[in-house]
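The values are calculated or read from the model by the stated rules, or taken from the named source; none is laboratory data. What you are looking at is a predicted structure, and each value in this text was computed from that prediction instead of being measured. Note that each Cβ is placed from the backbone with ideal geometry, even for glycine, and that neighbours are counted across all protein chains shown. SASA here: full protein model, heavy atoms, side chains in, ligands and nucleic acids out. Shrake-Rupley method; radii C 1.70, N 1.55, O 1.52, S 1.80 Å.
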Amino acid sequence: MISIVDMDDIDEGTSKGLEVNNLYMFTIKKDGQVYLYWNRCPHLGTPLEWEEDRFLDADAALIQCSTHGALFQIEDGHCLAGPCKGKYLQAVPFIIENGMVMVDEKLLKQPTSL
Ligand code: FES
């Protein structure tokens, strides 16, 4: 397992971009819970963020793609509105150990299908 981020480095209600081995993901902490997704919009495969570490909409309730504005549920990555409505962001499986978010290095390859 590879540790990718310290839970304490993610502020509640915010998102954070992560890069490991040239692979890009992002994490969100909401209600003390951490979520982790590949940084790839299911519409065109582009990165999602507006600016560095900004993946959420104005009231931090949903994930929003900066390219065409698709909106995704934080909890499961389900697209609620936009050109990829009904599709999902691809989650990255992880465990938390000693406050660190850990990912299996075998999983650290880009998703091949959207
Ligand atoms: S690339 Fe994300 S909504 Fe089009």
Does the stretch 27-36 contain any residue that is in contact with a Ser or Thr (Cβ under 6 Å, 6 or more places away or on another chain), under 21 Å from Met1 (Cα atoms), crowded, with 17+ Cβ neighbours inside 10 Å and in contact (Cβ under 8 Å) with a residue 60 or more places away in the chain? yes
In this structure, does Gly69 turn out to be open to solvent by less than 30 Å² (accessible area, probe 1.4 Å) and farther than 26 Å from Asp104 by Cβ? yes
Which ones in the stretch 4-24 are more than 16 Å from the ligand (Cβ to nearest atom) and open to solvent by less than 60 Å² (accessible area, probe 1.4 Å)? Ile4, Val5, Asp6, Met7, Ile10, Gly13, Thr14, Lys16, Leu18, Val20, Leu23
For residues in the stretch 37-61 being open to solvent by less than 20 Å² (accessible area, probe 1.4 Å) and within 9 Å of the ligand (Cβ to nearest atom), which is nearest to Asp11 (Cα to Cα)? Leu48
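The rows are residues; the columns are (1) hydrophobic (A, V, I, L, M, F, W, C); (2) in contact with a helix residue (DSSP H, G or I) (Cβ under 7 Å, 6 or more places away or on another chain); (3) in contact (Cβ under 8 Å) with a residue 12 or more places away in the chain.
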residue: Tyr24; (1), (2), (3): no, no, yes
residue: Ala61; (1), (2), (3): yes, no, yes
residue: Asp76; (1), (2), (3): no, no, yes
residue: Asn98; (1), (2), (3): no, no, no
residue: Met102; (1), (2), (3): yes, no, yes
